[in-house]
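The structure appears right after this line, and notes come after that.
The values are calculated or read from the model by the stated rules, or taken from the named source; none is laboratory data. Small disclaimer: the values here were computed from a predicted structure and weren't measured. All Cβ positions, glycine included, derive from the backbone under ideal geometry; neighbour counts span all protein chains shown. Note: accessible area is taken over every heavy atom of the protein model, side chains too, but ligands, DNA and RNA are not part of it. Shrake-Rupley method; radii C 1.70, N 1.55, O 1.52, S 1.80 Å.
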Amino acid sequence: FSGRFLSVLASWLQVAVLLAIAQRWFSRRTGIAALLLATFSAVSVIYGQEIRVYAILALVYLLLLATTHELTRRVGPGGERSKRAWFTLGLVMWLGLHLHYIVIFVVAYVTIWALIVFVRQRRWVDFRRWLLVLYLVALASLPWFLALWRNWTAVSSEAAAGTFAADATPLPFLLKQVWVFQLTGLAGALSRPGVEIAAGVIAVLLLLLVLIRLGQRGTRHDTAVLLAHWLIPLSSALVVWSVRSFSHPRYVSMFAPGLLLLVAYVTIPPKERLGRRLLGLPSILGTILFLTVIFSSLWGLWLFFFDSSVAKDDVRGVARYLEEEAGADDLILIPDTDWSL
């Protein structure tokens, strides 16, 4: 219970935070769509089962987006951003960077986003405050940086472990694997028959709806912003896989909620902005996209919970077998990347 509790809690909080973001940024109807997508998200549910950091990383990503949105929005004359928002920004950055190195890509993204807004709006006070937050986060992370520096040989060796045994990942395969993983939560889903076709249909539907929303004056800006929130941090996968070609797609699973926000918005944008146009082609395509995304999540969850071929092998059984069978003079060879065994 103690080991899994934080993952379970973070998985449930993803649902609440996605609902709050979609309602605050757009409308109640978009919020309900995001709520349903998050509830059945295979990535969120599967990594809410594990004693790993990935469910918490998705929460960090959402909180950084929400906090940055709050700090960059315009306020009325005399309006002040709350000190709590600035404190939340620094705290979430600091915690995220100590949880997983992949968070540095999100920190870089929200920093560039915020500083561009502050420069364009000539909000120099907020510009300086953001830089101060970054300075304080770096200062609070100094023990971590010092530990990395002192143990750099070991760190670089671990980063390179196993790379000699793996070829570079072809870009088309990487893109397909990351895309299917965000839909199903399963790294090996591509080996299943029909999965590439289904994932391709979802990609085409999403692309069509994004192009339609980008062509509409009332939804153009929000669609572009949500697309950037999802795709720009997700592109860090290209960096990660270039360093470690055998990396697992769970390393970028934290950006899956960005896809859910985008799907919820292009499916059900704020009603008052589109009026009767909701009854046309966008509405039909949106309904199909919404249902197929939920179906892909349910399919992934069904395999995860009920298909034994997808279940992870329990290496504790292997360890017990080796302990019973191996003698003092036996040599046991295992992959250099199998730290669990």
Among 119, 103, 92 - extreme Cα towards positive end, dipole of region 55-126, charges at beta-carbon: 119
Share of carbon and sulfur in the accessible heavy-atom surface of the chain [1.4 Å probe, %]: 66
Modelled FRET efficiency - R0 45 Å, residue 326 with residue 155, Cβ distances, 0.05 increments: 0.90
Per residue accessible area of the chain, 1.4 Å probe, in Å²: 55
Potential extension, residue 187-residue 51 segment - 0.36 nm per residue separation minus Cα distance: 47.2 nm
C-alpha long axis of helix 28-39 to longest principal axis of the chain, angle in °: 0
Translational diffusion of the chain, µm² s⁻¹ [Kirkwood Rh, Cα pairs; Stokes-Einstein; 4 °C; 1.567 mPa s]: 59
Dipole magnitude (debye, nearest 20) for region 87-169, charges at Cβ of Lys, Arg, Asp, Glu: 560
Segments 253-265, 185-197, 50-62 sorted - mean Cβ within 10 Å per residue, highest first: 253-265, 50-62, 185-197
Selected from 326, 157, 229, residue furthest toward positive end of dipole (the chain; charges at beta carbon): 229
Estimated dipole of the chain in Debye, rounded to 20 [Cβ of Lys and Arg +1, of Asp and Glu -1, Cα centre]: 2620
Additional length obtainable on full extension of the chain from residue 203 to residue 73, 0.36 nm per residue less Cα span: 43.7 nm
Point-charge dipole on Cβ atoms (K/R +1, D/E -1) for region 10-92, about Cα centre, debye to 20: 300
Segment residue 87-residue 220, extension gain: residue separation times 0.36 nm, minus the distance between their alpha carbons: 44.7 nm
Listed residues 14, 49, 177, most fluctuating in the chain (Gaussian network, C-alpha, under 10 Å): 49
Positive-pole candidate from 9, 133, 242, dipole of the chain, charges at beta carbon: 133
Folded to 0 to 90 degrees: helix 83-99 orientation relative to the chain principal axis, Cα: 20
Using alpha-carbon coordinates, inclination of helix 171-184 to the longest axis of the chain, degrees: 80
